[in-house]
Amino acid sequence: MTATMRAARMHHVGEPMKLEELPIPEPGPGDVRVTVHAVNIVPNLANILNMWTTWFPHSPLPTLPAVFGLDPAGVVESVGEGVQAFKPGDRVYVNPGRSCGSCRSCRNGDSINCASYAFAGYFGFSATAIDLLDRYQGGLAEYMVAPAHSLVKLPDSLSFNAAARFGYLGTMYSALRKAGAGPGKTILINGISGTLGIGAALLAPALGLTHVYGTGRDQGLLDQVAKLGNGRLRLHSLNDGPVDDWVREETDGYGADIYIDALGPGAPHETFLAGMRAMARGGIAVNIGAVAGDLPIDIHRMMDQQLRLIGSAWFTSGEGQAMADMVEGGLLDLGPLEHQVFPLEQVNDAIGGIAQRNGGFSNFIISPTATS
């Protein structure tokens with residue numbers, strides 16, 4: 001008799017997930033099977049499940065029915081042939097980034113720019129991503145299979161609930177690294193009180209950042225964020241005036257060396273553009289929030305001021321390991337996260353209720369090992 005597990009699957013776009021009994025997956029060569037203890041429910045998941053095929057038909061979902069769940073953490077239960085660095089009992093976070101291993105980017109060691117890159121349990125970035133999406137399902141199940149190279153070893157001091165937040169935290173970490181964040185750099189974060197933005201406040205001590213400028217609309221949330229920085233944070237409500245004027249005033253007219261926009265697709269374009277105007281000469285801007293639509297960027301000013309604008313969609317497993325090491329070394333404190341944990345049976349309630357959150361502090365978690 002085939003052993004089974006509980007899993008939540010979506011059968012049709014826009015419909016609630018169904019709790020089902022499915023065969024426990026077997027790890028292939030180079031793969032591991034993980035007992036899932038926590039899966040982060042990201043704020044964008046409802047959009048993915050309901051609207052993705054309409055908004056971005058060129059970026060496929062896995063073949064339905066499918067198990068979703070972007071950010072799992074748990075324990076290695078068994079390993080496939082050829083796995084050397086992991087063993088049963090290891091505590092891990094599973095980076096959902098999947099790559100083909102054979103395209104030119106993969107062969108150059110640049111797997112995050114794989115032509116078929118996909119987020120297991122979420123969506124792919126090209127039509128050729130569908131094979132990876134179907135091979136590696138998401139974490140909303142008692143067990144999942146993943147390639148060993150996607151794993152991050154977790155220290156005992158890092159809970160599964162906090163580790164399941166690594167997706168959004170790692171997105172911010174990778175953006176800061178790409179921009180060369182470190183001591184002496186002036187940094188502006190648009191949307192610092194949100195799920196992506198708060199990562200900058202949490203990561204600031206580990207990166208040696210002494211001055212982080214952040215914006216948001218909710219003054220109450222900004223007041224909460226201010227308590228995290230130990231004097232490092234300078235915060236501004238968008239209701240109190242233009243971002244660029246404030247940054248120039250705070251920096252004696254110099255501007256921000258690094259600008260990271262963490263605002264979501266529905267954010268006003270003017271807020272993004274004000275951040276661009278707040279940049280210092282030679283500065284770099286990194287977009288991780290996915291502001292949508294065509295923006296009127298002043299290319300001539302970018303040339304004159306030697307500015308750069310790049311997109312950064314995710315992070316590598318190596319960067320995830322660096323964050324885990326920061327936690328173990330006491331440089332990264334994820335204690336301020338507020339975990340709201342649901343059993344697998346309540347996955348639809350969790351997805352529907354995530355709009356009612358305490359900004360970036362709320363950490364919505366599905367625990368497949370818990371019972372209602």
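The values are calculated or read from the model by the stated rules, or taken from the named source; none is laboratory data. Just so we're clear, the structure is a prediction, and the values are computed from it rather than from any experiment. Here the Cβ is made from the backbone with ideal geometry for all residues, glycine too, and neighbour counts use every protein chain on show. Side chains are part of the model used for accessible areas, which takes the heavy atoms of the whole protein and leaves out ligands, DNA and RNA. Shrake-Rupley method; radii C 1.70, N 1.55, O 1.52, S 1.80 Å.
Residue pairs whose Cβ atoms lie under 6 Å apart, separated by 6 or more positions or on different chains, with the first residue in region 233-252 and farther than 19 Å from S193 by Cα and the second of a type in the set (S, T, N, Q), are T251/T186.
Here G231, G266, G283, G275 are screened, and the one residue that is at pLDDT below 95 and closer than 28 Å to L331 by Cβ is G231. Only a single item in (1) among the polar types (S, T, N, Q); (2) within 29 Å of A322 (Cβ to Cβ); (3) open to solvent by 30 Å² or more (accessible area, probe 1.4 Å) is not met by T215, and it is number (3).
So for region 355-365 (the condition being farther than 17 Å from A46 by Cα and among the hydroxyl-bearing types (S, T, Y)), does at least one residue qualify? No: region 355-365 contains no residue that is farther than 17 Å from A46 by Cα and among the hydroxyl-bearing types (S, T, Y).
Every condition in (1) buried (at least 17 other Cβ atoms within 10 Å of the Cβ); (2) free of Cβ contacts under 8 Å to residues at least 60 places away in the same chain is met by G275 except one, and the failing one is (2). Taken over region 313-361, the criterion of being closer than 19 Å to S159 by Cβ, of a type in the set (A, V, I, L, M), part of a loop (DSSP other than H, G, I, E, B) and open to solvent by 10 Å² or more (accessible area, probe 1.4 Å) is satisfied by L331, L334, L337. Scanning region 34-41 for any residue that is modelled with pLDDT of 95 or more and either farther than 30 Å from G89 by Cα or assigned to a loop (DSSP other than H, G, I, E, B) (or both) turns up nothing. Looking at region 234-267, which of the residues that are more than 22 Å from the chain's Cα centre (by Cα) and part of a strand (DSSP E or B) is nearest to N47 (Cα to Cα)? Among residues in region 234-267 that are more than 22 Å from the chain's Cα centre (by Cα) and part of a strand (DSSP E or B), the one nearest to N47 (Cα to Cα) is S237.
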